[in-house]
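In what follows, a single structure is set out as structure tokens and then discussed.
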Amino acid sequence: MTLTYEDVLGRYEPVFGLETHVELGTESKMFCGCSTRFGAEPNTQTCPVCLGLPGAMPAVNARAVEDTIKIGLALNCSIAPWCRFARKNYFYPDMPKNFQTSQYDEPLCVDGYLDVDVDGQNYRVGIERVHMEEDTGKNTHVGGATGRIHGAEYSLVDYNRAGIPLIEIVTRPVPGTGARAPEVARAYVTALRDILRTLGVSDVRMEQGSLRCDVNTSLSPVGSGAWGTRTETKNVNSLRSVERAVRSEMLRQAELLDAGERVRQETRHFSEVSGDTRPGRSKEEATDYRYFPEPDLVPVAPDPAWVEQIRAALPELPAARRARLRESLGVSAEDMVQMSNAGVVDLVGETVEAGAPVDEARNWWLGYLTQKANEREVDAADLGVAPGDVARLVALVADGTLSVALARQAVDAVLETGHDVDAVVAERGLRKVSDTSALERAADEAIAADPDAADKVRGGKAAAVGALVGAVMKATRGQADAAAVKQILLDKLGGGV
Ligand SMILES: [Zn+2]
């Protein structure tokens, strides 16, 4: 019998932790002047420093340090007055220096937290550290069925990504979330992504790998007080996958523990296709990276006055913005939870700022637009309809230019074409027909085309008018007001009403 999620929760307590890597959006790399632009021809954005050629001397990208301090401050961390880079020694073909320049026991930011909200309940996720390092190159394994190195005929390496500033944000283990562990993990990554986007330090595109998560999960018997052995699921590349990875590891580990087996401490890979994790390399014998302070770089010692300047210049962060919006929008706590769960709080706020009444903005984002986002399996924010478009639609409905049905057609057209609302309204001739003489003409034509229905209405069967209304709506391509059409038809046919 397969274990259910409820079975797991009855016997085990989950603890998760996340290590999130963020590629910064700096113009140049971490230790050299090479461009970081995504999608260039392989190996065209390299130099002796990021290729690790002998004698090349690195220099720290000041903007990357500033961005890291911004991230640390936004996550309530202390900023170290003095810290260093360290060499993390290991061999892998995508890392031409044979070591990664990282930070080890002296990270730039320590001891912070991020509060996340799931269904109106707050969970505080402790942040252990935020440190700077560099990205590796990218291997492409050619000829195998899976794209993995096993079974491949040969491999190609692209060093364009080698040396791009990479920030690692490490949480403390998060206990006490119980059944909600998968959702809290997802909510944490969502909140972190929103903060990074607000700070403007990264484009945080999970599908392009500029934000990637390793998810640690362990289970311990309820009430045991001890923590279980954790596994590390690598490179989980969507918000949905973060949630699925935690859940599937909880189920897998519970089956092992139920059978009296032990959980191996290992790296696992999440499969988007099967929704479960597969074993990678075992970590039971910890790799010795022989860390030592990087001799080619001077220590980083940010002036406290500079740090305070950066703090003062931070933009309004998402949580504060939401609190302010809630206040100014005057929405209920329940509405706020619903909007928050749908990921539309900021969108509603911006739609209101663009001139729409709160209720209209809320209804559009929670209704038709969330439905469209779900159909396309994207977040509402990535749907391609701007808050300004929604405010414009609300205005067009309010002044009688569009019916709600036509406004929805306009949304569909915006999604299809990428044009703005005014453009699609003009292109498609979307306009409620309120010209009475045009409606009268259409009504006469419908009556002439369907004399049976007309006779029934004349004979007192008012319900038969529906077919005629339908014909008029069809003739006017849905642009007439159905109630007005019905009234015109009944007036003409004198159907005893
Ligand atoms: Zn370079």
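Each value in this text was obtained by applying a stated rule to the coordinates, not by laboratory testing. The model shown is predicted, which means the values in this text are computed figures rather than measured ones. Cβ sites come from the backbone with ideal geometry, for glycine too, and all protein chains shown count toward neighbours.
When the Cα positions of Ala443, Phe85, Val273 are compared along the charge dipole of the chain, Val273 comes out farthest toward the positive end, with charges on each C-beta of Lys, Arg, Asp and Glu.
Measuring spread by the Cα atoms of segment 34-122 yields a radius of gyration and Dmax of 17.4, 56 Å. Dipole magnitude for the chain: about 420 debye, using +1 per Lys or Arg Cβ and -1 per Asp or Glu Cβ, origin at the Cα centre. Between 0 and 90 degrees, the angle of helix 387-398 with respect to the longest Cα principal axis of the chain falls at about 10 degrees. In the chain, taking the dipole from charged Cβ atoms about the Cα centre, the farthest positive-side position among Ala319, Gly400, Asn235 is held by Asn235. Note on Thr401 and Leu415: the extension gain reaches 3.0 nm, defined as 0.36 nm multiplied by sequence separation minus the Cα-Cα distance. Both numbers refer to the Cα atoms of the chain; Rg and Dmax are 29.4, 99 Å.
Rounded to the nearest 20, the size of the Cβ-charge dipole of segment 180-272 about its Cα centre is 140 debye, with Lys and Arg at +1 and Asp and Glu at -1. Working note: 222 nm ellipticity from helices only, DSSP H runs with n ≥ 4, each -39,500 (n - 2.57), summed and divided by the residues of the chain, gives -12000 deg cm²/dmol to the nearest 500.
Ranked by the mean number of other Cβ atoms within 10 Å of their residues, highest first, the peptides 126-134, 221-229, 460-468 fall in the order 126-134, 460-468, 221-229. Within segment 318-427, all pairs of alpha-carbon atoms sorted by distance into 10 Å bins from zero give the percentages 15, 49, 29, 6, 0. Each label was represented as a point 7 Å from its Cα along the Cα-to-Cβ direction; for Ala484 and Tyr289 these points are 6.9 nm apart. Per the Debye formula with a single identical scatterer at each Cα and no solvent contribution, what log10 I(q)/I(0) holds for segment 9-168 at q = 0.08, 0.10 Å⁻¹? Computed log10 I(q)/I(0) values: -0.31, -0.47.
Taking the Cα centre of segment 436-493 as origin and charging only Cβ (+1 Lys, Arg; -1 Asp, Glu), how large is the dipole, in debye to the nearest 20?
140 debye
Shown for the chain: cysteine residues without a partner Cβ closer than 4.7 Å, namely Cys32, Cys34, Cys47, Cys50, Cys83, Cys213. Axis of helix 482-493 versus longest Cα principal axis of the chain: the two differ by about 10°, to the nearest ten degrees. For segment 436-493, taking Cα atoms only, Rg and Dmax work out to 9.9, 29 Å respectively.
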